[in-house]
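Following: one structure in structure tokens, then a few remarks.
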Amino acid sequence: MFRAAQILFGVLVVIFLLMPIVAILPLAFTSSVFLTYPIEEYSSRWFVELATADAWRLSIMNSLIIGLGATLLSTILGTLAALGMRSKALPFANLLKTMFLLPMVVPAVVLGVGMQMLFVNLGLASIYPGVIIAHAVLCVPFVIVSVSASLQGIDPSVEKAASSLGASPVKVFRRVTFPLALPGVISGAVFAFATSLDEVVITLFVAGPNQRTLARQMFSSIRENISPTVVAAALLLIVGTLCLAGLASLLRWRQERSALKAAP
């Protein structure tokens, strides 16, 4: 009875969280210019506008460029940080980990103001590298958390066995540590890309007119005129994020399956 109550409560919570999304997303297929129910006629005109309107098309390209750049940079830095903090000999490891995770808890407005002041002095304001670096700062904590969780699941005796057989530290990392931690790296990269796509506050401070991302374009459109194009863009973001999460889960499942087959 208690188990059934737990399941029912969980289902109700999920429904409650998904109801706003379920209520708004069908309006992406309306032919009307207003976000109203009932939908009199279904149409794909708003998706066509996403692909043909210069402002929306440019924002989608900017989101992909900035998102991929931030994902690559944050995945490399986050993976290296997680590997470094894995060492028990590292002094103040917990303090360093807390500092790396600060972008997750510090208000985005505070980060945005600080980055704007810093990037202006460094000449990185209103250019693509500056926006990529700013997004990477927000994405690194997600990579660190994901990779650290995978590294904790690695048995140190496996790495010691490889070293005892004559493998160099680089070869141990390349042939043992990294393959075992790869599911966490992939998951962290997916979270990083999704975070970059969704980021708008930092972008408002560090990006210029030519770096207008999809999230910023949606924010500007809501301020000026609520259009079903915004809902269509939101639907694409949600579907894209779900596809990436599904791909990451598939790769993780295949990695774990390969590891089980290789186990004696």
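Only one of these is in a helix (DSSP H, G or I), modelled with pLDDT of 85 or more and within 26 Å of PHE191 (Cα to Cα): GLY67, GLY84. Name it.
Values: GLY84 fails: modelled with pLDDT of 85 or more.
None of the other options fit; the residue is GLY67.
The residue pairs whose first member lies in region 80-107 and is small (Gly, Ala, Ser) and surrounded by 14 or more Cβ atoms within 10 Å (Cβ to Cβ), whose second member is part of a helix (DSSP H, G or I) and modelled with pLDDT under 85, and whose beta carbons are closer than 7 Å, counting only pairs six or more residues apart or on different chains, are ALA81/PHE100; ALA82/LEU151; ALA93/MET85.
Please verify whether region 188-209 includes one or more residues that are of a type in the set (S, T, N, Q), more than 27 Å from LEU251 (Cα to Cα) and either touching a residue at least 40 places away in the same chain (Cβ under 8 Å) or in contact with a Pro (Cβ under 8 Å, 6 or more places away or on another chain) (or both). Write out each step before concluding.
Going through region 188-209, the residues of a type in the set (S, T, N, Q) turn out to be 195-196, 203.
Right, trim to more than 27 Å from LEU251 (Cα to Cα) and you get 203.
From what is left, the residues that are either touching a residue at least 40 places away in the same chain (Cβ under 8 Å) or in contact with a Pro (Cβ under 8 Å, 6 or more places away or on another chain) (or both) are 203.
Checking region 188-209: at least one residue is of a type in the set (S, T, N, Q), more than 27 Å from LEU251 (Cα to Cα) and either touching a residue at least 40 places away in the same chain (Cβ under 8 Å) or in contact with a Pro (Cβ under 8 Å, 6 or more places away or on another chain) (or both).
Any chance region 225-236 includes a residue that's of a type outside the set (A, V, I, L, M, F, W, C), in a helix (DSSP H, G or I) and either under 28 Å from ILE132 (Cα atoms) or modelled with pLDDT of 80 or more (or both)? Scanning region 225-236 turns up at least one residue that is of a type outside the set (A, V, I, L, M, F, W, C), in a helix (DSSP H, G or I) and either under 28 Å from ILE132 (Cα atoms) or modelled with pLDDT of 80 or more (or both). Name every residue in region 41-56 that is hydrophobic (A, V, I, L, M, F, W, C) and either modelled with pLDDT of 85 or more or outside any loop (DSSP other than H, G, I, E, B) (or both), in order of residue number. TRP46, PHE47, VAL48, LEU50, ALA51, ALA55, TRP56, listed by residue number.
Just wondering, is there one or more residues in region 180-195 that are under 16 Å from GLY112 (Cα atoms) and at pLDDT 85 or above? Yes: region 180-195 contains one or more residues that are under 16 Å from GLY112 (Cα atoms) and at pLDDT 85 or above. Restricting TRP46, TRP56 to residues that are over 24 Å from GLY188 (Cβ atoms), in contact with a Pro (Cβ under 7 Å, 6 or more places away or on another chain), surrounded by 15 or more Cβ atoms within 10 Å (Cβ to Cβ) and not basic (Lys, Arg) narrows the list to TRP46. Restricted to helices (runs of 4 or more DSSP H) entirely inside region 90-172, those with at least 1 residues that are modelled with pLDDT of 85 or more and under 29 Å from ARG216 (Cβ atoms) are 102-105, 108-122, 128-152.
The set of residues in region 161-212 that are small (Gly, Ala, Ser), surrounded by 16 or more Cβ atoms within 10 Å (Cβ to Cβ) and over 25 Å from the mean Cα position of the chain (by Cα) comprises ALA162, ALA167. Among the residues that make up region 23-40, is at least one of them exposed (fewer than 11 other Cβ atoms within 10 Å of the Cβ) and assigned to a helix (DSSP H, G or I)? Yes, region 23-40 contains at least one residue that is exposed (fewer than 11 other Cβ atoms within 10 Å of the Cβ) and assigned to a helix (DSSP H, G or I).
The values are calculated or read from the model by the stated rules, or taken from the named source; none is laboratory data. These numbers were taken from a predicted model, which means no experiment stands behind them. A quick note on method: Cβ atoms are made from the backbone with ideal geometry, for glycine too, and the neighbour counts reach across all protein chains shown.
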